[in-house]
1. Which of Ala67, Leu95, Pro78 sits closest to the plus end of the dipole of the range 54-98, meaning its Cα is farthest towards the positive end, when Lys and Arg get +1 and Asp and Glu get -1 on the C-beta?
2. Considering only DSSP states other than H, G, I, E and B, which trypsin sites (Lys or Arg not before Pro) in the range 1-98 qualify as loop sites with at most 15 other Cβ atoms within 10 Å?
3. Which residues make up the longest stretch of the chain that has no GluC sites (Glu not before Pro) in a DSSP loop with at most 14 other Cβ atoms within 10 Å?
4. How many lysine pairs does the chain hold where the Cα atoms are under 26 Å apart and the two sit 8 or more places apart or on different chains?
5. At 7 Å along Cα-to-Cβ for each site, give me the label-to-label distance between Ala106 and Thr15 in nm.
6. Rolling a 1.4 Å sphere over the protein heavy atoms, what is the accessible area per residue of the chain, to the nearest Å²?
7. Of Ala106, Ala20, Ala29, which is the most mobile in a GNM of the chain whose springs link Cα atoms less than 10 angstrom apart?
8. Could you look at the range 12-100 and say what percent of its accessible area is carbon and sulfur, using a 1.4 Å probe and all protein chains?
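The values are calculated or read from the model by the stated rules, or taken from the named source; none is laboratory data. Computed from a prediction, not measured in an experiment: that's the story for all the values here. No Cβ is skipped: glycine too gets one built from the backbone with ideal geometry, and neighbour counts run over all protein chains shown. Note: areas computed on protein heavy atoms with side chains; ligands, DNA, RNA excluded. Shrake-Rupley method; radii C 1.70, N 1.55, O 1.52, S 1.80 Å.
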Amino acid sequence: MNAVSHLSSTATSNTCLAAALTAVGIPLAEKPFVRVVEDGIRGERTVWFFEPQSHCGKFDTKALIEAWHNDAWHLANPEHPFAYIKCALLNRERLVDKVKQDVPLACVKRRGKIAFIPLDASHSVEDFYLRHL
């Protein structure tokens, strides 16, 4: 395997996957990442590069990257450390998405009382709570 094919088969732009790989001991390559700005695409992405296997030789980088992209893999390998890590990081993404979808509450304090009012509350709802404080 030449250096270019090795890097492309052990690279990812998914930072959660990169974190999972490092958690099981896959070392970053000598040049661990590049930041890429593509013509006509807004923003940039980071591509992470890894060595082909963990220092202990127990984990193969390419196989773990393939496992990450296979939705059934963690069900077939539920006790594998990478399955736990994958589930935890995917759950984290879902939790963060859920929080981003929620409307924050304003905490209003008056005369020793507290009201939590959704920031998207109508003026009538807002007035109702403020009158009772």
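1. The residue sitting farthest along the positive end of the dipole is Leu95.
2. Passing both the DSSP loop test and the Cβ count: Arg42, Lys58.
3. Longest stretch, sites excluded: 80-133.
4. 8
5. Rounded to a tenth, the inter-label distance reads 3.1 nm.
6. Counting only protein heavy atoms, the per-residue value for the chain is 71 Å².
7. It is Ala106.
8. On the way: 3290 of 5940 Å².
Carbon and sulfur: 55 percent of the exposed surface of the range 12-100.
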